[in-house]
Amino acid sequence: MATTLMRNTAPSEHPGRYYGFLAAVAVGAIVCAVAVTAEGEVPEGGWFGVPFAFWLTAALALVAELRPTRWGGLWMSPIASIYLVYVLATMVTWGFLPALIVQCGALVVLSVQISSAGWRTVFNMSQQGIALALAWLVWDALGGAGEWAGSASQVFAVFAAGIVWTLVSWGLVATRTALRLGGGWTDLFAQWARSEWALRVTQIAIAPILATAAMSSWWLVAASAIPIFSVYRILQAAADREREADHDPLTGLLNRKGFQELVDSKLIDAGETNTAVAVLILDLDRFADVNSALGHEIGDKLLVELAHRFLADKPPGKAIARLGGDEFAFVWAEIDGMTDPLECAREIRARLDAPIVLGDASVEVDGSVGIAVFPDDGQDFQTLFRHADIAMYESKQRASSFARYAPEYDHHSPERLRLLGDVRRALDHPDAPGVNLFYQPQVRLADGEVIGAEALLRYNHPERGVVNPAEIIETAEHSSVMRMLTERVVDIALRQLRSWNETGYDLRMAVNVSVRDLQSPEFTDFLTERIDAYGVNASKLQLEITESALMADPRRVVVNVQRLSDLGVGISLDDFGTGFSSMQHLRRLPVTEIKIDKSFVTNLVDDPDNAAIVSTTIDLGRALDVEVVAEGVEDEAVRKQLEGWGCHAGQGWHFAKPMSPDAFERWMADHRGRR
């Protein structure tokens, strides 16, 4: 659907041809109106002697357009107008000229409501004037002229006239749109038909009923307004539901879907006018601390208060969205008054300066803002959004208030950008192929019992084949795709865990989570909901976190890890020994397991230093009552040594390689048979 700006302006190329068509339509409308009026008869009693029912019908047509409904179901039109039913009823009862007056009056009211340019109002009056003239000729040719009696032939004539009105209007508007935007006339006409056919058919069907009422009593005209306005209310209810789907229920701001649609329209306008559009993303710092210390209800109130602050004195054209959790997004276009993107970021940060008082608590709020500007930093929403996201993380890492995107902040190659887009498309639909999990068993060393499996990401690219999981994680971790990827992995893993339970395998599932997940309090809420949905025991889920993830934002991560532990989920400190503060983390975190990195395990038989590190770590785990799992067990000698030191479990190719779900179950059956 074209934007408001594009509807009210001429194309930059060949504007003369465009305005020539508009002028031809206007002249054609005048000619048609004069010709039909000259051939028509003066109503009984003269033009000013029409009954009160006519004036009531005309008034209802105008009232119907005082509050036009903007419903996305009519994607080719900015509004859902319902005056056609009154126009047709007027035409068949009182003639062409009264109907033309009613139609023009309704169009003027509607144009004021949607802020149409003057020439666009003239065009709409002209093209619908031509449509009405041709509809009258059809009505007259089919024997409908004369006093309305509601006969079958007259009802058929009304339907035929209404269809002609609709087709002519669609055809003229499709021609104008093709001249304005380009594209094929046939495709545009078909789009208008698919968009509006149901509404137009309903209006045409009601017109004979209204005409019959008008010829009987003006009271019936008033009463007939009830079903007509019921159609309006149905459209309004659909528009309200659509608005709810585009808005965040907590703050009333746009959600991501609504934000993307708005940004897309602003980018179209900016491309037409060679102007800039700034997209900004704000991520609040330590918001999880508020939820943890004061509760989620206070956290929600804080978000609502921030939304009110952002909306206060908001200039026209500037839009604000809540993306979820503690992230907000802003868009402001140059044609709406934006002059300096950095000033936009300063203004956002200024709204965070004053503390927020919530009951007895005064909360200090801080955050980081990332900026990306069209056209310099991206040509479409996805690129701008990702670049603003990268800039926001750069701002966070530099501990600065805001940062504008720069290419040096983005470590992704063009190939990885394409990969990111491909992964996003694979994740957009729950059942889309490509993203899968393989499972590697974890074996208790004392008796060889399989106690669980680690879920390992696999992505089968449609062209490249299987992509290295490390490349996917590195590509996605600084974008919103990481959250989508984690949610897909959790869903698949919990579904598989439930399947194993139903098959009789009492296993646990280990799933790796990212820095981004651990920084988001919503991840715990998501995990709680999915565990309940799949009906699995929370203690059978083991989340593996790395030391690097902990060091990214220790305060926020520790709070969220504690919430996950309170849920009953096991916490495993992955790649233990490769970081710089392992002892500190073991003391501060509710860790139930540590996994010794395979770099120490694989050759411990031949490397005394690695052997010392592994044996000491096992002793440490025993002293802290924390289970120890050794990764990278590649041969029997390593397995026997680990068992001798008292290591709880091992994982590696000595037991089995990562396998698909079916292969894993076959291996389990064979492993049980061997034992």
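Quick look at the numbers
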| read-out | value |
| --- | --- |
| Any pair with Cβ under 6 angstrom, 6 or more apart, that starts in the range 271-286 at a residue that is assigned to a strand (DSSP E or B) and ends at one that is surrounded by fewer than 16 Cβ atoms within 10 Å (Cβ to Cβ) | D285/D366 |
| Filter result (surrounded by 13 or more Cβ atoms within 10 Å (Cβ to Cβ) and not small (G, A, S)) within the range 465-478 | V467, P469, E471, I472, I473, E474, T475, E477, H478 |
| Residue among D353, D360, D336, D377 that is at pLDDT below 85, within 25 Å of the chain's Cα centre (by Cα) and of a type in the set (D, E) | D336 |
| Residue within the range 33-54 that is surrounded by fewer than 18 Cβ atoms within 10 Å (Cβ to Cβ), of a type in the set (V, I, T) and modelled with pLDDT under 85 present | yes |
| Residue that is under 26 Å from L541 (Cβ atoms) and at pLDDT 90 or above, where the choices are E634, E627 | E627 |
| Residue, modelled with the lowest pLDDT, within the range 526-565, restricted to residues that are out of contact with any Ser or Thr (no Cβ under 8 Å at 6 or more places or on another chain) and of a type in the set (D, E, K, R) | D553 |
| Conditions (1) at pLDDT 90 or above; (2) over 17 Å from M509 (Cβ atoms); number of the one not met by R675 | (1) |
| Candidate set: the range 430-458, residues that are over 15 Å from V490 (Cα atoms), within 32 Å of the chain's Cα centre (by Cα) and not aliphatic (A, V, I, L, M); chosen: the one surrounded by the most Cβ atoms within 10 Å (Cβ to Cβ) | G434 |
| Test: residue in the range 133-144 that is in contact with a Cys (Cβ under 8 Å, 6 or more places away or on another chain) and surrounded by fewer than 20 Cβ atoms within 10 Å (Cβ to Cβ) | yes |
| Filter result for I234 (at pLDDT 80 or above and out of contact with any Phe, Trp or Tyr (no Cβ under 8 Å at 6 or more places or on another chain)) | no |
| Matching residues, the range 485-498, being closer than 26 Å to A669 by Cβ, of a type outside the set (S, T, N, Q) and touching a residue at least 60 places away in the same chain (Cβ under 8 Å) | D491 |
| The range 499-535, residues that are closer than 29 Å to R666 by Cβ and in a helix (DSSP H, G or I) | S499, W500, N501, E502, T503, R530, I531, A533, Y534 |
| Hits in the range 453-493 (condition: charged (D, E, K, R) and within 23 Å of D532 (Cβ to Cβ)) | R483, E487, R488, D491 |
| Test set (1) assigned to a helix (DSSP H, G or I); (2) under 30 Å from A333 (Cβ atoms); (3) of a type in the set (G, A, S) - A470 fails condition number | (2) |
| Residue satisfying all of: in the range 490-523; of a type in the set (V, I, T) and over 19 Å from N560 (Cα atoms); surrounded by the fewest Cβ atoms within 10 Å (Cβ to Cβ) among these | T503 |
| Top-ranked residue of the range 648-675 - restricted to ones that are part of a loop (DSSP other than H, G, I, E, B) and among the basic types (K, R), ranked as surrounded by the fewest Cβ atoms within 10 Å (Cβ to Cβ) | R675 |
| Unmet requirement for Q496, which otherwise passes all of (1) over 30 Å from D532 (Cα atoms); (2) assigned to a helix (DSSP H, G or I); (3) not basic (K, R) | (1) |
| Any hit, the range 82-101, residues being under 26 Å from F21 (Cβ atoms), in contact (Cβ under 8 Å) with a residue 12 or more places away in the chain, of a type in the set (A, V, I, L, M, F, W, C) and touching a Lys or Arg at 6+ places or on another chain (Cβ under 8 Å) | yes |
| Scan of the range 88-142 for residues that are at positive phi and charged (D, E, K, R), ordered by number | none |
| Lone unmet requirement of (1) under 23 Å from the mean Cα position of the chain (by Cα); (2) in a helix (DSSP H, G or I) for I298 | (1) |
| Counted residues, the range 604-634 - those being under 19 Å from W653 (Cα atoms), outside any helix (DSSP H, G or I) and in contact (Cβ under 8 Å) with a residue 24 or more places away in the chain | 9 |
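The values are calculated or read from the model by the stated rules, or taken from the named source; none is laboratory data. Note that this is a predicted model, so its numbers are computed, not measured. Virtual Cβ from ideal backbone geometry, glycine too; neighbours counted across all protein chains shown.
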